[in-house]
Amino acid sequence: MNTFSSIITEAEAEAIKQLEHILNQENSQLKLVAANGEEMTIPDSVCCVLRQVVQAMASGKNVSIVTHNPELTTQQAADLLNVSRPYLIKLLEQGELPYIMVGTHRRVKFEDLIKYKQQRDTKRRQLLDELIAESQELGFYQ
């Protein structure tokens, strides 16, 4: 897993705003022009990622791009979920998250991990909404 991070400076902020405007134009076919004049059309998949990165940077957010192997070690999976490795192993053993064995090592498919994370986050939001609703009913929020 490789991670690349970028924090923008004030000098770059204006250029990023201009780039955001260009990327948000409908039906704009973007091209990359090299210093030697060679041109290449940027594929839609790359434009989509670029658009998301530029929008985040334009709104002042720090951006990290993480590349993933299709299968992650238990430590990599734990890091992405922001949990300890022993806790992740417990999730695997309880059947909360599917895994495969590669020799004597457990591997978690990236797509399974993302699916689990989204379900976990949705469940957390629902529980928080219920807690807020109950607190409002009891008069803790005015």
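Values quoted throughout were computed directly from the atomic coordinates according to the rules given, and no laboratory measurement underlies them. All values derive from a computational prediction rather than experimental measurement. No Cβ is skipped: glycine too gets one built from the backbone with ideal geometry, and neighbour counts run over all protein chains shown.
Observations
- Sites Q118 and I42 - FRET efficiency at Förster radius 30 Å, r taken between beta-carbons, to 0.05: 0.60
- Filter on K90/K117; K17/K115; K90/K115; K90/K123 - keep pairs with C-alpha separation over 21 Å: K17/K115
- Calculated [222 nm] ellipticity per residue, helices only, for the chain: -17000 deg cm²/dmol; basis is -39500 (n - 2.57) per DSSP H run with n ≥ 4, divided by all residues, nearest 500.
- Alpha-carbon spread of the range 39-142, three principal axes, descending order, Å: 62, 45, 20
- GNM flexibility winner over the chain from N24, N62, N36 (Cα, springs under 10 Å): N36
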